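*Asks:* For reference, the structure I am asking about is given below.
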Amino acid sequence: MTMLVRCSIAIVLCGGAVAMAGPAKPVPSGPLKAYKGPEGEVIVLVPANDSKEMLVHFRNIGGPLEGKTQLYLYEDRGNDRREVYWNKKRGSKTDRAYVLTDYEDGTWMFINPSKTSSHFRVIYSEAESSKIKVANVVDAYQP
């Protein structure tokens, strides 16, 4: 076998191993904070990947997000303005679809991505935050 053929086989084999491993799990980069809604909904936030993204875990909200952890983009715009969102393609345009926006008083407005007409405020809950572990939120994430 020529050297070129051996290198090609090695590259193919290595590339296959990387592809089979799948995407890496998000790396937490900040403290876990749990927020409670008006009817017992719980939304858990964990900054990830150098605070450029946010792991969001959903409990007691029903629907397809129940018990799941999703990874969204995160932006801190300063002046107490933070947003959790995902980019939505519409033809050649890209729009932001907001999941959470914060208020100056430390609460967040949750905009349910599976029910666009459903939104409510969530308030920080120290009791809920102490019940949940960062590892459980990360493990619940399925890309």
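*Asks:* Pull out all pairs, ordered by first then second residue, where Cβ-Cβ is under 8 Å, the residues are six or more apart or on different chains, the first lies in the range 24-43 and is in contact (Cβ under 8 Å) with a residue 24 or more places away in the chain and surrounded by 17 or more Cβ atoms within 10 Å (Cβ to Cβ), and the second is of a type in the set (Lys, Arg) and in a loop (DSSP other than H, G, I, E, B).
*Replies:* Leu32/Lys133
*Asks:* I've got another one for you. Go through Gly106, Gly78 for me and flag whichever is over 17 Å from Pro31 (Cα atoms) and at pLDDT below 90. Outline the logic, then answer.
*Replies:* On the way: Gly106 fails: over 17 Å from Pro31 (Cα atoms).
Gly78 is the lone residue from the list that is over 17 Å from Pro31 (Cα atoms) and at pLDDT below 90.
*Asks:* Please count how many residues of the range 31-53 are in contact with a strand residue (DSSP E or B) (Cβ under 7 Å, 6 or more places away or on another chain) and farther than 15 Å from Ile111 by Cα.
*Replies:* So the answer is 9.
*Asks:* Shifting gears a bit: Looking at (1) closer than 20 Å to Lys36 by Cβ; (2) modelled with pLDDT of 90 or more, which is the only condition Val138 fails?
*Replies:* (1)
*Asks:* All but one of (1) farther than 24 Å from Lys25 by Cα; (2) within 13 Å of the chain's Cα centre (by Cα) hold for Lys68, so report the exception by its number.
*Replies:* Result: Lys68 fails condition (1) only.
*Asks:* Exactly one of (1) more than 14 Å from the chain's Cα centre (by Cα); (2) surrounded by fewer than 11 Cβ atoms within 10 Å (Cβ to Cβ) is unmet by Asn87. Its number?
*Replies:* Only one criterion is unmet by Asn87, namely (1).
*Asks:* Do we have any residue at all in the range 66-79 that's in contact with a Lys or Arg (Cβ under 9 Å, 6 or more places away or on another chain) and either among the basic types (Lys, Arg) or farther than 18 Å from Tyr141 by Cβ (or both)?
*Replies:* Here is the first cut: in the range 66-79, the residues in contact with a Lys or Arg (Cβ under 9 Å, 6 or more places away or on another chain) are 66-67, 73-76.
Next cut, either among the basic types (Lys, Arg) or farther than 18 Å from Tyr141 by Cβ (or both) only: 75-76.
Yes, because at least one residue in the range 66-79 is in contact with a Lys or Arg (Cβ under 9 Å, 6 or more places away or on another chain) and either among the basic types (Lys, Arg) or farther than 18 Å from Tyr141 by Cβ (or both).
*Asks:* Name the single residue, out of those in the range 59-90 being among the acidic types (Asp, Glu) and outside any loop (DSSP other than H, G, I, E, B), that is nearest to Gly37 (Cα to Cα).
*Replies:* Going residue by residue through the range 59-90, those that are among the acidic types (Asp, Glu) are 66, 75-76, 80, 83.
This time we only want the ones that are outside any loop (DSSP other than H, G, I, E, B), so: 75-76, 83.
On the way: Glu75: 22, Asp76: 22, Glu83: 18 Å.
So the residue we want is Glu83.
The values are calculated or read from the model by the stated rules, or taken from the named source; none is laboratory data. From a predicted model like this one, the values you see are computed outputs, not experimental measurements. Reconstructed Cβ throughout: ideal geometry from the backbone, glycine too, with neighbour counts over all protein chains shown.
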